[in-house]
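Asker: Got a structure for you, questions after.
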Amino acid sequence: MDRVKNHLKMSNKQFKRIVGTTKPVFRSMLDVLQVAFDKLHEPGGKPPNLTPGDKLLITLEYYREYRVMERIGMSYGCAKSTVSRSINWVEDTLSADGQFQLPGKRALQENDVKTVAIDVTEHRIERPQKNRRTGIPARKRNTR
């Protein structure tokens, strides 16, 4: 929470310039994420290294600065995969809440928007599952 507290100590203008949103919106996002985080970790277990505030800052930093996930991971002391999972969790949790959901495709068409830009710099790659049937020994047996 130290990072979040340091960010919230900034002036409103500086906070919006760095984080990309206002403090009240940030706090409401954080409240939604904290409730989901508490519900997810209710059974107990090892506490995660990243708090919901850190995950939210990671997501907003990724959207705001277009930094590479590896560099963000270095800043927060975690792996690239952890950054990716954090961003996906924040996106899914906030969109499931409904309060922060973007308008759908139909709403964009009604407003006569001519151009929509979509950034796809980093995304998951779908790869086929490895199993014994598709491995090299199985292919050698089938060719004989």
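Asker: If I ask for residues that are under 26 Å from Gly98 (Cβ atoms) and touching a residue at least 12 places away in the same chain (Cβ under 8 Å), which ones from the stretch 2-26 would you list?
Answerer: Val4, His7, Leu8, Val19, Gly20, Thr21, Lys23, Phe26
Asker: Same structure again: Tell me which helices (runs of 4 or more DSSP H) are completely within the stretch 1-110 and hold 1 or more residues being among the aromatic types (Phe, Trp, Tyr), or say none if there are none. Quick ask: steps written out before the conclusion?
Answerer: Working: elements: 2-8, 12-19, 23-40, 52-65, 69-76, 80-97, 105-110.
Result: 12-19, 23-40, 52-65, 69-76, 80-97.
Asker: Can you tell me which residue is farthest from Thr121 (Cα to Cα) among those in the stretch 52-110 that are polar (S, T, N, Q) and crowded, with 19+ Cβ neighbours inside 10 Å? Even if it seems obvious, please write down each step before you answer.
Answerer: So in the stretch 52-110, the residues polar (S, T, N, Q) come out as 59, 75, 81-82, 84, 86, 88, 93, 95, 99, 101, 109.
From the residues that got through so far, the ones that are crowded, with 19+ Cβ neighbours inside 10 Å too are 59, 82, 86, 93.
On the way: Thr59: 14, Thr82: 17, Ser86: 17, Thr93: 22 Å.
Per the criteria, the residue is Thr93.
Asker: Restricting the search to the stretch 28-79, which residues are small (Gly, Ala, Ser) and in contact with a Lys or Arg (Cβ under 8 Å, 6 or more places away or on another chain)?
Answerer: Taking the stretch 28-79 as the starting set, the residues that turn out to be small (Gly, Ala, Ser) are 28, 36, 44-45, 53, 73, 75, 77, 79.
Selection gives Gly53, Gly73.
Asker: Determine if the stretch 35-44 includes at least one residue that is closer than 23 Å to Ile18 by Cα and β-branched (Val, Ile, Thr). If you could, list the steps in order and put the result at the bottom.
Answerer: Here is the first cut: in the stretch 35-44, the residues closer than 23 Å to Ile18 by Cα are none.
No, because not a single residue in the stretch 35-44 is closer than 23 Å to Ile18 by Cα and β-branched (Val, Ile, Thr).
Asker: Let me ask you something else. If you take the residues in the stretch 13-49 that are surrounded by 12 or more Cβ atoms within 10 Å (Cβ to Cβ) and among the polar types (S, T, N, Q), which one is farthest from the chain's Cα centre (by Cα)?
Answerer: Among them, the one singled out is Thr22.
Asker: OK, next. Residues being out of contact with any Leu (no Cβ under 8 Å at 6 or more places or on another chain) and free of Cβ contacts under 8 Å to residues at least 40 places away in the same chain: count how many of those fall in the stretch 36-60. It would help to see each step written out before you state the result.
Answerer: The initial filter retains those residues of the stretch 36-60 that are out of contact with any Leu (no Cβ under 8 Å at 6 or more places or on another chain), namely 36-51, 54, 57, 59-60.
Narrowing further to those that are free of Cβ contacts under 8 Å to residues at least 40 places away in the same chain: 37-50, 59.
Of the residues in the stretch 36-60, 15 are out of contact with any Leu (no Cβ under 8 Å at 6 or more places or on another chain) and free of Cβ contacts under 8 Å to residues at least 40 places away in the same chain.
No value in this document is a laboratory result; all are computed from the given coordinates. Bear in mind that the values here come from a model prediction, so they are computed numbers and not experimental data. FYI the Cβ positions are ideal-geometry reconstructions off the backbone, even for glycines, and counts take in every protein chain you see.
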